[in-house]
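Accompanying notes for the structure given below.
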Amino acid sequence: MKIICIARNYSAHATEMNNPRPVQPVFFLKPDSSLLLNNRPFFYPDFSTDIQYETEVVIKISRLGKNISTRFAGRYFNEVALGIDFTARDLQRKCIGEGLPWEIAKGFDQAAVLSKFINKNEIPVNIAFHLDVNGKTVQRGNTEDMLFSFNELISYLSGYMTLKIGDLIYTGTPAGVGTVKINDRLEGYIGEKKMLDFIIK
């Protein structure tokens with residue numbers, strides 16, 4: 001199972017990170033050992049002092065596919081979830097500054113928070129989502145604002161790697177990323193449906 005994460009898929013987030021708007025999808029991978037499921041606590045790692053949340057809609061691949069046409073890509077997923085791509089921003093900045101890969105900042109244990117999945121037919125085509133930290137909304141997004149749609153992402157990714165049943169695609173985060181602290185409570189929503197509720201320890 002692959003965890004494929006899309007970077008800079010919302011213009012406002014690219015701007016807040018001082019990155020250019022991409023002309024094609026930008027992606028990186030996380031190992032399956034980074035998954036954090038069932039609203040278990042996130043334990044703040046000792047190698048970073050700047051862990052940041054990035055709230056994202058996640059789609060799960062339901063069919064084996066390679067070189068999938070955008071036109072038919074919607075047939076390759078049936079469920080969506082809410083996820084958080086935790087990032088050790090201090091490590092990421094250091095790696096970027098030194099011209100190094102930055103998987104170390106993205107692929108650590110518990111760095112891919114994932115809610116339960118819901119059928120895509122139970123929610124609108126354009127998915128509104130938001131994250132609250134300690135009861136205050138800190139991120140709000142809608143998939144209609146993505147630079148590259150679900151279908152475009154599936155088609156693009158499948159041109160480089162075979163997509164397998166169970167593969168996860170974290171589809172990018174809107175503006176508003178920020179740092180978490182020990183004892184913070186994070187609650188994530190798709191529409192008004194609570195999908196995530198966990199503590200930083």
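Residue by residue through region 69-101, note down the ones that are out of contact with any helix residue (DSSP H, G or I) (no Cβ under 7 Å at 6 or more places or on another chain), of a type in the set (D, E, K, R) and closer than 30 Å to Ile123 by Cα.
Arg71, Arg75, Asp85
Hey, could you check region 55-113 for residues that are within 15 Å of Phe42 (Cβ to Cβ) and β-branched (Val, Ile, Thr) and say which is surrounded by the fewest Cβ atoms within 10 Å (Cβ to Cβ)?
That would be Thr87.
Based on what the data block shows, is Ser62 more than 15 Å from Ile199 (Cα to Cα), in contact with a strand residue (DSSP E or B) (Cβ under 6 Å, 6 or more places away or on another chain) and of a type in the set (Gly, Ala, Ser)?
Against the criterion (more than 15 Å from Ile199 (Cα to Cα), in contact with a strand residue (DSSP E or B) (Cβ under 6 Å, 6 or more places away or on another chain) and of a type in the set (Gly, Ala, Ser)), Ser62 qualifies.
For (1) outside any helix (DSSP H, G or I); (2) closer than 27 Å to Ser33 by Cα; (3) among the polar types (S, T, N, Q); (4) without any contact (Cβ under 8 Å) to a residue 24 or more places away in the chain, each residue gets a yes or a no:
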{"position": "Phe129", "(1), (2), (3), (4)": "yes, yes, no, no"}
{"position": "Gln139", "(1), (2), (3), (4)": "yes, yes, yes, no"}
{"position": "Asn151", "(1), (2), (3), (4)": "no, yes, yes, no"}
{"position": "Met161", "(1), (2), (3), (4)": "yes, yes, no, no"}
{"position": "Ile182", "(1), (2), (3), (4)": "yes, yes, no, no"}
{"position": "Leu186", "(1), (2), (3), (4)": "yes, yes, no, no"}
{"position": "Met195", "(1), (2), (3), (4)": "yes, yes, no, no"}
{"position": "Ile199", "(1), (2), (3), (4)": "yes, yes, no, no"}
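Given Ser62, Ser33, which one is of a type outside the set (Asp, Glu), closer than 25 Å to Pro101 by Cβ and modelled with pLDDT of 95 or more?
Selected residue: Ser33, the only one of Ser62, Ser33 that is of a type outside the set (Asp, Glu), closer than 25 Å to Pro101 by Cβ and modelled with pLDDT of 95 or more.
For region 154-191, which residues satisfy the criterion of being within 22 Å of Tyr44 (Cα to Cα) and polar (S, T, N, Q)?
Selection gives Thr173, Thr179, Asn183.
Would region 31-42 turn up any residue that is on the phi < 0 side of the Ramachandran plot, touching a helix residue (DSSP H, G or I) at 6+ places or on another chain (Cβ under 8 Å) and outside any loop (DSSP other than H, G, I, E, B)? Talk me through it step by step, then tell me what you get.
Initially, region 31-42 is screened for residues on the phi < 0 side of the Ramachandran plot, giving 31-37, 40-42.
Subset that is touching a helix residue (DSSP H, G or I) at 6+ places or on another chain (Cβ under 8 Å): none.
No, that holds for no residue.
Given the conditions (1) basic (Lys, Arg); (2) touching a residue at least 40 places away in the same chain (Cβ under 8 Å); (3) surrounded by fewer than 17 Cβ atoms within 10 Å (Cβ to Cβ), report the number of the one that Lys120 does not fulfil.
Answer for Lys120: the failing condition is (3).
Is it the case, given these coordinates, that Gly166 is in contact (Cβ under 8 Å) with a residue 12 or more places away in the chain and more than 21 Å from Ile61 (Cβ to Cβ)? I'd like the intermediate steps shown before the answer.
On the way: in contact (Cβ under 8 Å) with a residue 12 or more places away in the chain: yes; more than 21 Å from Ile61 (Cβ to Cβ): no.
Answer is no for this residue.
Taking the options Gly83, Gly74, name whichever one is over 20 Å from Val113 (Cα atoms) and either under 16 Å from the mean Cα position of the chain (by Cα) or part of a helix (DSSP H, G or I) (or both).
So the residue among Gly83, Gly74 that is over 20 Å from Val113 (Cα atoms) and either under 16 Å from the mean Cα position of the chain (by Cα) or part of a helix (DSSP H, G or I) (or both) is Gly74.
The values are calculated or read from the model by the stated rules, or taken from the named source; none is laboratory data. Remember, predicted model here, so these are calculated numbers, not experimental data. Cβ sites come from the backbone with ideal geometry, for glycine too, and all protein chains shown count toward neighbours.
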